[in-house]
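Worksheet: the structure to be examined is printed underneath.
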Amino acid sequence: MSKAMRKFFGWLIAIVVLLIIFLFMGPFYIVNEGNQVVITRFGSIVDTHTDSGLYFKIPFLDKVTTYPKLVLSLDGDEQRIPTKENQFIIVDTTSRWRISDPAKFYQSLTNLDNAYNKLSDIIDSSCRTVITQNRLSEIVRSSNIINESSSNTDEENEETKEIVELVNESASNEIVTKGRSELCRLMTVEANKLVPEYGIDLIDIVPRQIKYSDELTESVYNRMIKDRNQVAQAYRSLGEGKKAEWLGKLESDKRTIASEAYRKSEEIKGNADAEAAAIYSQAYNRDPEFYMFWKSMESYKANLKNYPATYSTDMDYFDYLYSPDGKR
């Protein structure tokens, strides 16, 4: 082998060795789906990549910091917050957020732990700001459906109108104008005034749990009991009214039926008396003497049993009783 060939192979081997060493130094890196990276050189940001793929960096000089591109969640700590009426409640929130600008995120927060701490402070502050400006009913309710009544017919509306009015009377000062959903949106808007400077996009804030404080719990329970008792009394009052209405109708129907029955009975009795009188008249006309005898016997039967003694029979009344021939 000539000297030139040996020199060529020497250079070739040196180049291959240098290439292998260079590859072992890791000049390439991969950005996986769902991730984004920030490239820094001597502490300064030189590049960012939000799309997945294979990228090049200068070994030993460039540092790759990877952040998730997916939506992240943050569960806040319980807060004891006063409402507009100065009633304390305990609020526990959960939030969704993502890194929208990895360069800003790196410059302001550097890592996820710092981001969680900063976001937690911002979210807690926005929740407190919104809750303290609104009434308790706005926070624990989302609509006025509890004050509304839906009926299918006018008759049902009439029957429940009194109860609905009584129920709504106690809740008339608690009409919801915003509701919990709107307050959550306001919390998000309030927090989003601060988070963009950190390269963060806050999607939403949702109260995971709202609890009454110990001093408020008893008051709320007593109020619930009072409201339910009021509704129960409304039902009882409506029932008593219906009962009186039906009893009145029953009494009216009873009087109507009794009056009609009395009229018919008197009519039948009148017809019977007329018929009896006609029969008596016919019998009297056929044998007046027998008619007088029969009427006298009926009178004796009806009257003499009420008198234990008779001191004189010398009267026409006893003609058929003491006369040998049945009359005097």
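The values are calculated or read from the model by the stated rules, or taken from the named source; none is laboratory data. Model, not experiment: these values are computed from the prediction. Cβ: placed from backbone, ideal geometry, glycine included. Neighbour counts: every protein chain shown. Just the protein is used for accessible areas: all its heavy atoms, side chains included, with ligands, DNA and RNA removed. Shrake-Rupley method; radii C 1.70, N 1.55, O 1.52, S 1.80 Å.
Which members of the range 190-228 meet the condition of being assigned to a loop (DSSP other than H, G, I, E, B) and of a type in the set (Val, Ile, Thr)?
Scanning the range 190-228 gives no hits.
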Selection status of Arg286, exposed (fewer than 10 other Cβ atoms within 10 Å of the Cβ) and either free of Cβ contacts under 8 Å to residues at least 40 places away in the same chain or over 30 Å from Tyr212 (Cβ atoms) (or both) = yes
Can you pull out the residues in the range 86-100 that are touching a helix residue (DSSP H, G or I) at 6+ places or on another chain (Cβ under 6 Å) and charged (D, E, K, R)?
-> none
Only one of these conditions is not met by Gln87: (1) open to solvent by 70 Å² or more (accessible area, probe 1.4 Å); (2) at pLDDT below 90; (3) out of contact with any strand residue (DSSP E or B) (no Cβ under 7 Å at 6 or more places or on another chain). Which number is it?
-> (1)
Those residues of the range 76-107 which are small (Gly, Ala, Ser) and more than 19 Å from Val206 (Cβ to Cβ), in sequence order | Ser100, Ala103
Restricting attention to the range 222-268, the residues that are closer than 30 Å to Tyr212 by Cβ and among the hydrophobic types (A, V, I, L, M, F, W, C) number exactly 5
Flag if Ile45 is at pLDDT 90 or above, of a type in the set (Val, Ile, Thr) and under 30 Å from Arg180 (Cα atoms) = no
Residues (under 23 Å from Gln79 (Cβ atoms) and open to solvent by 50 Å² or more (accessible area, probe 1.4 Å)) located in the range 202-232 | Ile203, Val206, Arg208, Gln209, Lys211, Tyr212, Asp214, Glu215, Glu218, Ser219, Tyr221
Unique residue being farther than 30 Å from Arg96 by Cα, over 20 Å from the mean Cα position of the chain (by Cα) and surrounded by 14 or more Cβ atoms within 10 Å (Cβ to Cβ) when the list is Leu194, Leu238 = Leu238
Any chance Val189 is without any contact (Cβ under 8 Å) to a residue 24 or more places away in the chain and among the β-branched types (Val, Ile, Thr) = yes
Mind listing just one residue for me: the one in the range 33-77 that is of a type in the set (S, T, N, Q) and under 47 Å from the mean Cα position of the chain (by Cα) and, of those, least open to solvent (accessible area, probe 1.4 Å)?
-> Gln36
Taking Phe22 and the conditions (1) surrounded by 11 or more Cβ atoms within 10 Å (Cβ to Cβ); (2) at pLDDT below 75; (3) not in a helix (DSSP H, G or I), which numbered condition does it fall short on, given that it satisfies the others?
-> (3)
Scanning for something at pLDDT below 85, assigned to a helix (DSSP H, G or I), in contact with a helix residue (DSSP H, G or I) (Cβ under 9 Å, 6 or more places away or on another chain) and open to solvent by 60 Å² or more (accessible area, probe 1.4 Å), does the range 264-279 turn up at least one residue?
-> no
Selection over the range 90-129 where residues are open to solvent by 20 Å² or more (accessible area, probe 1.4 Å) and either β-branched (Val, Ile, Thr) or part of a strand (DSSP E or B) (or both) yields a count of 6
Listed by first then second residue, the pairs whose first member lies in the range 49-65 and is closer than 9 Å to Val31 by Cβ and touching a residue at least 24 places away in the same chain (Cβ under 8 Å), whose partner is among the polar types (S, T, N, Q) and buried (at least 16 other Cβ atoms within 10 Å of the Cβ), with beta carbons under 6 Å and at least 6 positions apart or on separate chains, are Thr50/Gln36
